[in-house]
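Colleague: Have a look at this one.
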Amino acid sequence: MERYFSRIVFALILAVAFMAVPTSAKTAADVTDKETLKSFVMNAKDRLEHVSTVSGLFATLREFRDSKTWNDGAIYLFIMQRPSGPQGGEVVVFNAHNTSLEGTTLHVTDVDDKDVGHEIDRAVYQGDGFVEYKWDNPSVSGDEVSGEGRATGTSRKIGYGVGITLLGEDFVLGSGFYPDSPSAGSSDKKGCAIVATEIGNSSQSTMFNLLLIVSALFLAVSFKSRLEEK
């Protein structure tokens, strides 16, 4: 009887624990921070690595461009060819948001004098994959920059990239989000709305899970007591 009771309690606690595990970012709309950004890019990489034909690759890239699952507002995917030498060569072979950038180089300098292409490549192959630079935010007007050899905008962007081999060539698959985007809150409360929401949701989730655990234990104890009475 004791063993049966212990199994009931263990199963209930295990079920509640699984309910508390956060889900990974499956779509562009899920990207809100570095963790979900990385998850989003890794999901895209997994999708590409299951493609075995040229036609399948084209179909997948078309989906990356046309589907809001992969391209939603300021969150989109890009693919960059790895540099062939120290002088750059980080050619954009795919950009889901702006097709005019395809065929151009990311060997450009942002307003902080960062070489965007080199920084992305360095982050992927010498760092943790994350990189911060300035770029054009599709959701913001007035941050655009024009000029040869210059990055396209002045909005702060946090990117994440990962190496991937496609058709025998090495590329970088990446995406990014804009932490200072107006959708995240007003400028005088930068980030506060998101942080408050996350903390609030976390507290509510914790309390709910604790309530479930306590309720499960209470039911198990009551069940045990009834069995002993019999």
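The values are calculated or read from the model by the stated rules, or taken from the named source; none is laboratory data. Please read all numbers here as calculations on a predicted model, not as lab measurements. Neighbour counts are summed over all protein chains in view; Cβ atoms, including those assigned to glycine, are modelled from backbone coordinates with ideal geometry.
Colleague: Could you run through segment 138-153 and say how many residues are assigned to a strand (DSSP E or B) and in contact (Cβ under 8 Å) with a residue 60 or more places away in the chain?
Modeller: To start, the set of residues in segment 138-153 that are assigned to a strand (DSSP E or B) comprises 144, 150, 153.
Filter again for in contact (Cβ under 8 Å) with a residue 60 or more places away in the chain, leaving none.
Matching residues across segment 138-153 total 0.
Colleague: Continuing with this model, one more query. How many residues does segment 167-179 contain that are of a type outside the set (S, T, Y) and either surrounded by fewer than 18 Cβ atoms within 10 Å (Cβ to Cβ) or not in a strand (DSSP E or B) (or both)? Steps first, answer last, please.
Modeller: From segment 167-179, those of a type outside the set (S, T, Y) are 167-174, 176-177, 179; that's our starting set.
If we keep only those that are either surrounded by fewer than 18 Cβ atoms within 10 Å (Cβ to Cβ) or not in a strand (DSSP E or B) (or both) as well, we get 167-170, 179.
Total meeting the criteria: 5.
Colleague: How many residues does segment 38-63 hold that are part of a helix (DSSP H, G or I), of a type in the set (A, V, I, L, M, F, W, C) and either surrounded by fewer than 14 Cβ atoms within 10 Å (Cβ to Cβ) or more than 20 Å from the chain's Cα centre (by Cα) (or both)? Talk me through it step by step, then tell me what you get.
Modeller: Initial filter on segment 38-63 (part of a helix (DSSP H, G or I)): 38-49, 54-63.
Keeping just the survivors that are of a type in the set (A, V, I, L, M, F, W, C) gives 40-42, 44, 48, 54, 57-59, 61.
Retained after the next criterion (residues that are either surrounded by fewer than 14 Cβ atoms within 10 Å (Cβ to Cβ) or more than 20 Å from the chain's Cα centre (by Cα) (or both)): 54, 57-59.
Matching residues across segment 38-63 total 4.
Colleague: Then there's this: Mind counting the residues in segment 102-137 that are within 13 Å of T152 (Cβ to Cβ), in a strand (DSSP E or B) and hydrophobic (A, V, I, L, M, F, W, C)?
Modeller: 1
Colleague: If you go through segment 70-91 one residue at a time, how many are assigned to a loop (DSSP other than H, G, I, E, B), modelled with pLDDT of 95 or more and of a type outside the set (F, W, Y)? So that I can check it myself, show each step before the final result.
Modeller: Restricting attention to segment 70-91, the residues satisfying the condition of being assigned to a loop (DSSP other than H, G, I, E, B) are 70-71, 73-74, 76, 82-84, 86-87, 89-90.
With the extra rule that they be modelled with pLDDT of 95 or more, the set shrinks to 70-71, 76.
Checking which are of a type outside the set (F, W, Y) leaves us with 71.
Within segment 70-91, residues that are assigned to a loop (DSSP other than H, G, I, E, B), modelled with pLDDT of 95 or more and of a type outside the set (F, W, Y) number 1.
Colleague: Within segment 130-149, which residues are under 20 Å from A96 (Cα atoms) and not polar (S, T, N, Q)?
Modeller: Scanning segment 130-149 gives F130, V131, E132, Y133, K134, W135, D136, P138, V140, D143, E144, V145.
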